[in-house]
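For reference, the structure discussed in these notes is given below.
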Amino acid sequence: MSSPPEGTPSIRTIAMPADANPNGDIFGGWLMAQMDLAGGTHAFAVAGGRVTTVAVDAMTFHRPVQVGDRVSCYCTTVRIGTTSIAVKVDTWVRRQHDQIEERVTEGIFTFVALDGSGRPRPVQEPVPD
């Protein structure tokens, strides 16, 4: 596989034994939760405030994640709608024992920007530098 995307990941963590099945593979739900956290952090920055997840599309698991792997989620904005932001989350690991980096999962997460009352609000696109 190619090298991880340029830039800083939105989230980085270590896969722990409590997150694994008896074979030592990390549960897909745990990995999706990490991706949701990363995508939400990215969408929060794009929206300039509170967001909530409304959909997960095109989720693909390429390789298993194992206990001890360093998990990094990289995010890019796919689309900005009136109240929504679609974020592509690419998840890579650095294997604990051999330091090989591999893409393990990817998906598209859609978030809706919320106002103080928890209702959808328009997304204010960032002003270019």
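Rounded to the nearest 10 degrees, the angle from helix 28-47 to the longest Cα principal axis of the chain is 30 degrees. Over all directions, average the projected area of the Cα convex hull of segment 59-129 and note it in nm². For the Cα atoms of segment 59-129, the hull's average projected area reads 7.0 nm².
Take the convex hull of the alpha carbons in segment 1-76; its mean projected area over all directions comes to 5.9 nm². Its relative contact order, with pairs defined as Cα atoms under 8 Å and 6+ residues apart, puts the chain at 29 percent.
If the chain linking residue 54 and residue 8 were pulled fully straight, counting 0.36 nm for each residue of separation and taking away their Cα-Cα distance, it would gain 14.1 nm. The base-10 log of I(q)/I(0) for the chain, evaluated at q = 0.09, 0.10, 0.11, 0.20 Å⁻¹, reads -0.28, -0.34, -0.40, -1.06 [Debye formula, identical scatterers on Cα atoms, solvent excluded].
Where a number appears in this text, it was derived from the coordinates with a stated rule and is not lab data. Since we're looking at a predicted model, the values are computed, not measured.
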